Amino acid sequence: MVKRVEKSDAEWRELLSADQYQVLRSKGTERAFTGEHNNTKTAGTYVCGGCGQPLFSSSTKFDSGSGWPSFYEPIDAVHIEEERDTSYGMVRTEVMCSACDGHLGHVFADGPAPTGLRYCINSLSLKLEADEE
Ligand code: FE
């Protein structure tokens, strides 16, 4: 079960930094290799930067070389929403948080085993909750 998080545009602007807002609420993309979590290896759970819903485990993070944090599967399929995206002259599958509809990134079919998927996610859409040592 996913608990929906509904906020007004004004509330999101108040809650998020301008950069987070641009990605999460306006479907922007951070520049490759600039994100906080591109090279992060810390063990923990990546939660939605907007609403805190757990999205990806560090155990499924891999080095894709793309310049964005990459995962081969979500923590729970119901925590993400996928939608066809035809912007910028490409056909891609957009990935969103299922609780707050925040834009996360895209999923591609060129990932590693066991799923063959590559969830290409903006660092700005994520917050890392590190495991306790
Ligand atoms: Fe969210």
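One line per residue, one yes/no per condition, for (1) part of a strand (DSSP E or B); (2) open to solvent by 10 Å² or more (accessible area, probe 1.4 Å); (3) within 24 Å of A10 (Cβ to Cβ):
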| site | (1), (2), (3) |
| --- | --- |
| G52 | no, yes, yes |
| P74 | no, yes, no |
| V78 | no, yes, no |
| L104 | yes, no, yes |
| D110 | no, yes, no |
Restricting attention to region 86-108, and to residues there that are touching a His at 6+ places or on another chain (Cβ under 7 Å) and more than 13 Å from the ligand (Cβ to nearest atom), which single residue is farthest from L55 (Cα to Cα)?
R92
Hey, does region 58-72 have a residue that's surrounded by 14 or more Cβ atoms within 10 Å (Cβ to Cβ), within 11 Å of the chain's Cα centre (by Cα), in a strand (DSSP E or B) and within 14 Å of the ligand (Cβ to nearest atom)?
no
Any residue in region 81-100 that's outside any strand (DSSP E or B): show its pairings with residues that are of a type in the set (V, I, T) at Cβ separation under 6 Å, as long as the two are six or more apart or on different chains.
S98/V2; S98/I80; A99/V2; A99/V5; C100/V5
Region 38-55, residues that are in contact with a helix residue (DSSP H, G or I) (Cβ under 9 Å, 6 or more places away or on another chain) and either within 16 Å of the ligand (Cβ to nearest atom) or without any contact (Cβ under 8 Å) to a residue 12 or more places away in the chain (or both)
T45, Y46, C48, G49, G50, Q53, P54, L55
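The values are calculated or read from the model by the stated rules, or taken from the named source; none is laboratory data. Computed from a predicted structure; not experimentally measured. With ideal geometry, Cβ positions are generated from the backbone for all residues, glycine too; neighbour counts draw on all protein chains shown. Remember, those area values only see protein heavy atoms, side chains included, never the ligands or the DNA or RNA. Shrake-Rupley method; radii C 1.70, N 1.55, O 1.52, S 1.80 Å.
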